[in-house]
Amino acid sequence: MSARRHVLALDQGTSGSTALVVDPDGRVLARGYAELPQYYPRPGWVEHDPEEIWSTVGQAARAALAAANVGSQEIAAIGITNQRETTVVWERSSGTPIHRAIVWQCRRTAELCERLRADGAEPRVRELTGLVLDAYFSGTKIRWLLDEVPGARARAERGRLAFGTVDSWLLWKLTGGAVHATDVSNASRTLCLNLHTGEWDDEMLALLGIPRALLPRVMPSVGVFGETVDLGWVPRGVPVAGIAGDQQAALFGQACYAPGAAKNTYGTGCFVLFNTGETPVASRHGLLTTIAWRIAGRTTYALEGSVFIAGAVVQWLRDGLGLLRSAAESRALAESVSDTGGVYFVPAFVGLGAPYWDMYARGTIVGITRGTTAAPLVRAGLEGCVKRGTASARELGLHDLDVAGKTGTAELGKGRPNVAWFMGYYPASRPEVAFAVVLDRTVHHGSDACVPVARALIAAYEARLR
């Protein structure tokens, strides 16, 4: 049997699932990717099928292992990073979801958030959680599922149901239902976690009407969460040794370890995070205060500017309007014209995040004339994404930062053109490691089996930065 020496990093995102096989020197040996279907049952509503989330992770992992020519017995540990606030509720006895996952972009709970705001709850919510009352976060999505799925609330109160963000769902599946847990970075995005204690908050649970029995155990970002069952593509007994939400994982992966360091990454959305160290800092400019990670008993906090739509614009231009055959075409088409010809594109498909927090805003395109063609429209879409990203950076008072894009739907098409455009609008540096979000999963470790691997990866990564 081959020695276990490789790390399998799983990045379950909004648009699809990515898996990387990383060797002990920090080299990415291979990548697998599977696109995730999106469901839009009503305007402003966004859903995923939890079983399709799971199946795409398996597809991506199999593809990565095959491409790397690495056997499953050679996996030392698995790390998970994930789309964050997306909400899954399932039956504990069978593992069957009671409803499609409600995606972080979904606006169905906007009216509930408005009622809570009108009741004067928002200042206390900000104080306890660092977040705002917005349909973005998991708490109101849980409430909707308990209220709208017949019998769900009663089953939840009796402990028969389990809630999880996507990391919890994947952990449950990887461990064959043995472990129901999440890490503190994901928990901090639910509206249910006390930012200061790092534990579920009874006052917030009462406000949202969420039974504590529904919730996963909150764990540090680093440590063994559980061990896999035999899944075919991974054998029994592989430790799941680290979990962090995708944006916090990117902050760590871009080596933003020190207070004052910041990153901006483009995927489905665009997110600027600023490390504030061991002190949570309240924003006066519409930004979020969130937990970045907890390692060795020490919690690191961050300020976040959240832009809901970035690379998803390119996906929409491709799939919705048919202007692109592949997302990778977007950059060349945009650069075929010198400007947008007066076209402006505000990509508020699912409302506006930081600093506006307008749940009812929608996408807007203005300035179209008879002379407008695909090229200026695509260029306006990319510029709109970049301008929203730079607005968040400026709210943080940043003058320089690391910027990176995740590839997604189409081979360098979804994220990286936006990175190039960002760097034209704002002083930034682009790191050598393109997959820092998932590289982070290899260093957010806790298993004795993968300590040497992780140390090697950290050293290799920091050497590259030097």
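Read-outs throughout are calculated quantities, based only on the coordinates presented, and are distinct from any laboratory measurement. This one's a predicted model, so the numbers in the text were calculated from it and none came from an experiment. Here the Cβ is made from the backbone with ideal geometry for all residues, glycine too, and neighbour counts use every protein chain on show.
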Rough spin-label spacing in nm, given labels placed 7 Å along Cα→Cβ, for Leu321 and Glu91: 4.5 nm
Taking amide hydrogens as modeled 1.01 Å from N in the peptide plane, which residues meet the under 5 Å criterion relative to Gly245, leaving out close sequence neighbours? Ser185, Asn186
Under 5 Å, built H, 5+ apart or other chain: amide partners of Cys106: Val46
Quick one: pull the percentage of alpha-carbon pairs in the range 6-247 with a separation above 22 Å. 52 percent
Label point at Arg124 placed 7 Å out along Cα→Cβ; residues across the range 134-178 whose backbone nitrogen lies under 17 Å: 134, 140
Size of the range 1-54 along its principal axes in angstrom, Cα-based, largest extent first? 50, 21, 11
Suppose each label sits 7 Å from its Cα in the direction of the beta carbon; what would the Arg370-Arg158 distance come out to in nanometres? 6.9 nm
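Taking the beta-carbon count within 10 Å as an exposure proxy, list Val346, Val88 from fewest neighbours to most.
Details: Val346 17, Val88 26.
Arranged by neighbour count, lowest to highest, Val346, Val88 become Val346, Val88.
Relative contact order (percent) for the range 123-206, with alpha-carbon contacts under 8 angstrom and 6 or more residues of separation?
Numbers: 73 pairs, mean separation 26.7, N = 84.
32 percent.
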For the range 317-322, in residue order, the Karplus 3J(HN,Hα) values (coefficients 6.51, -1.76, 1.60; θ = phi - 60°; whole Hz; Gly and Pro = x) are 4, 6, 8, x, 9, x
Could you bin all the Cα-Cα distances of the range 184-281 into 5 Å bins starting at 0 and give me the percent of pairs in each, rounded to whole numbers? 2, 11, 16, 18, 17, 17, 12, 6, 1, 0
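So how do Ile78, Ile368 line up by other beta-carbon neighbours within 10 Å, fewest first?
Values: Ile78 28, Ile368 15.
Listing Ile78, Ile368 from fewest to most nearby Cβ atoms yields Ile368, Ile78.
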For the range 183-194, what does the Karplus curve 6.51 cos²θ - 1.76 cosθ + 1.60, with θ = phi - 60°, yield as ³J(HN,Hα) per residue in whole Hz, taken in order and with x for Gly and Pro? 9, 5, 5, 5, 4, 5, 9, 9, 6, 10, 9, 6
Could you list, bin by bin from short to long, the percent of Cα-Cα pairs of the range 262-354 in 10 Å steps? 14, 33, 27, 17, 8, 0
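Counting every Cα pair in the range 104-222, what percent are over 25 Å apart?
Details: 1310 of 7021 pairs.
Every Cα pair in the range 104-222 considered, those over 25 Å come to 19 percent.
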Here the gain from full extension of Glu278 to Ala258, 0.36 nm per residue of separation minus their alpha-carbon distance, amounts to 6.2 nm
The range 214-281 and the range 91-112: distance between their alpha carbon centers, rounded to Å: 22 Å
Could you tell me the relative contact order of the range 6-247? Use alpha-carbon pairs under 8 Å, at least six residues apart, and round to a whole percent. 20 percent
Return the long-range amide H neighbours of Leu36 (sequence gap of 5 or more, or a different chain), with a cut-off of under 5 Å between placed amide H atoms. Gly16, Ser17
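Please compute the length gained on full extension between Thr197 and Ala66, using 0.36 nm multiplied by the number of residues separating them and subtracting their Cα-Cα distance.
Answer, rounded to one decimal: 42.9 nm.
How would Arg100, Arg160, Arg124, Arg294 line up from fewest to most surrounding beta-carbon atoms within 10 angstrom? Each step should come with its number before you reach the end.
Details: Arg100 19, Arg160 15, Arg124 12, Arg294 22.
The fewest-first ordering by Cβ neighbours comes to Arg124, Arg160, Arg100, Arg294.
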